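See below for the structure under consideration.
The values are calculated or read from the model by the stated rules, or taken from the named source; none is laboratory data. Please read these numbers as outputs of a predicted model, since none were measured by experiment. Glycine gets a Cβ as well: all are built from the backbone with ideal geometry, and neighbour counts include every protein chain shown. Surface accessibility is based on the protein's heavy atoms, side chains included, excluding ligands, DNA and RNA. Shrake-Rupley method; radii C 1.70, N 1.55, O 1.52, S 1.80 Å.
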Amino acid sequence: MSERTAPTAPLRARAEIDLAALRANVRALRAHAPGAAVMAVVKSEAYGHGAVPCARAAVAAGATWLGTATPEEALALRAAGLPGRIMCWLWTPGGPWREAIDAELDVSVSGMWALAEVVEAARGADRPARVQLKADTGLGRNGCQPGDDWAALVSAALRAEAEGLLRVTGLWSHFACADEPGHPSITAQLAVFRDMVAYAEERGVRPEVRHIANSPATLTLPESHFDLVRTGIATYGISPSPELGTPADFGLRPVMTLSASLALVKHVPGGHGVSYGHRYVTPGPTTLGLVPLGYADGIPRHASSAGPVLVEGKWRTIAGRVAMDQFVVDLGGDEPAAGTEAVLFGPGDRGEPTAEDWAQAAGTIAYEIVTRIGTRVPRVYVNEERDG
């Protein structure tokens, strides 16, 4: 991912990342879960914001754990000098177990094949692996099923721990519907998690942390906080769900502002087709502005004829289809100069759209809007210095 600390010349486009906002978000999330440690999840380049700068800011604000999906993401954080606990959970057979052990990562194990591979790697490393056992409490993705499967995994992990090959550092799971208030699966999963944790602990597992709470659970379900909460999208100031509340409702501020410089402004007559397929035809004489961002940059094509953009204080809407590298807005006869800033989304302070507005326009979730912004868009980091 391209990174800059300050623009040296006008940019085609930029994603400004406000690290002061991120630090404030981490502090707010700590306040929501005062009895638990906070894991800042920085997978997928910190949801599109830039993993290393955001991880450093999160740690500076008091996050004591970092989380990634893949081991490669976690190893990159360690290579960049990030200290402390780093956990990764999406493994496939033959994954870099030895490298993870050497880097003192916490690795997630959901089944016997993974436990066998990490034990073998620990034998070669001549040091114990840090292993967290994941329980499938109802999400149906990764994780070990309750009953006989969990009993076998716990038993095998304890045998390996007795041999000095691993340390069971955590027991964890993940909610399916924590972003849907009142969904019956929430209490059901919590009950299953408590039972599976109790089973493991009764047989001798002594985890450092037990955790199930994601961003929505951190914000709304204090009974789910246990020892650690994993905050992903909320770290970046985006509400996990409009049903739960706005970012401001939780004391959060969006971290990313996406903008571009208008590449062209021109007059066209009425009846002029715009972009592929002429799904938009000008209703009368007008001016068109060309925004040099497209679906290759992560602008969702599903937002064609719907995505909002702020130009000179006015909301505009994408005119016609989003193309690979560009899209058009109808400026309604206004004549901003080429190079004028077009703001696609940000915190909303200046009246600009937010990532949630784009999610509504594209029929998706705000997570996807920020995470999909591509590598052609430089990340420009502001407020890098610690507060105070």
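Charge tally for residue 374 (other residues, Cβ to Cβ under 12 Å; Lys, Arg +1; Asp, Glu -1): 0.
Name the shape class, rounded, prolate or oblate, that the alpha-carbon gyration tensor gives for segment 178-233, where a ≥ b ≥ c are the square roots of its eigenvalues, rounded holds for a/c under 1.5, and otherwise prolate holds if a/b is larger than b/c and oblate otherwise. Cα axes put segment 178-233 in the oblate bin. For segment 91-96, putting each phi into the Karplus relation 6.51 cos²θ - 1.76 cosθ + 1.60 with θ = phi - 60° gives couplings of 10, 10, x, x, x, x Hz, in residue order, rounded to whole numbers and with x for Gly and Pro.
Assuming 0.36 nm per residue, please report the length gained on full extension of the stretch residue 267 to residue 317 beyond their Cα-Cα distance.
Values: separation 50, 0.36 × 50 = 18.00 nm, distance 1.72 nm.
In short, 16.3 nm is gained.
The packing ranking, built from the mean of other Cβ atoms within 10 Å per residue, places the peptides 183-196, 62-75 in the order 62-75, 183-196, highest first. Dimensions of segment 150-282 from C-alpha coordinates, computed as largest minus smallest value along each principal axis and given longest first, are 78, 34, 27 Å.
A Förster distance of 41 Å, applied to the separation of the beta-carbon atoms of residue 64 and residue 338, puts the FRET efficiency at 0.30. Considering only C-alpha atoms, what is the centroid distance from segment 115-147 to segment 357-387, in Å? After rounding, the separation between the Cα centres reads 33 Å. Simple spin-label estimate for residue 203 and residue 382 gives 5.4 nm between the two label positions (7 Å along the Cα-to-Cβ direction from each Cα).
The dipole here belongs to the chain: it is taken about the Cα centre, uses +1 on the Cβ of Lys and Arg and -1 on the Cβ of Asp and Glu, and is about 440 debye.
So what's the chain giving for Cα Rg divided by 2.2 N^0.38 Å, two decimals? Working it through for the chain, the quotient is 1.11.
Based on Cα contacts under 8 Å between residues 6+ apart, segment 246-388 shows a relative contact order of 26 percent. Across the accessible surface of segment 307-388, with the other protein chains kept in place and a 1.4 Å probe, carbon and sulfur atoms take up 46 percent. Per residue, the accessible area of the chain comes to 41 Å², computed with a 1.4 Å probe over protein heavy atoms only.
Summarise the accessible area of segment 76-178 (1.4 Å probe, protein heavy atoms) by the percent that is carbon and sulfur.
The computed percentage sits at 51.
Between residue 67 and 40, 41, 42, 87, the built amide H atoms are under 5 Å apart, and every one of these is 5 or more places off in sequence or on another chain. With the charge dipole of the chain set up from +1 on Lys and Arg Cβ and -1 on Asp and Glu Cβ about the Cα centre, the Cα lying farthest toward the positive end among the listed residues 362, 307, 145 is that of 307. When peptides 210-222, 229-241 are ranked by their average number of other Cβ atoms within 10 Å per residue, the highest-first order is 229-241, 210-222. With the simple spin-label model, which puts each label point 7 Å out from Cα in the Cβ direction, the residue 249 to residue 158 separation comes to 4.4 nm.
Rounded to whole numbers, the Karplus 3J(HN,Hα) couplings from phi for segment 301-316 are 4, 5, 8, 3, 6, 9, x, x, 9, 9, 10, 6, x, 10, 6, 10 Hz, using 6.51 cos²θ - 1.76 cosθ + 1.60 with θ = phi - 60°, and x at Gly and Pro. Here's the picture: charge each Lys and Arg Cβ at +1 and each Asp and Glu Cβ at -1 in segment 194-273, and of 238, 205, 219 the one pushed furthest to the positive end of that dipole is 238.
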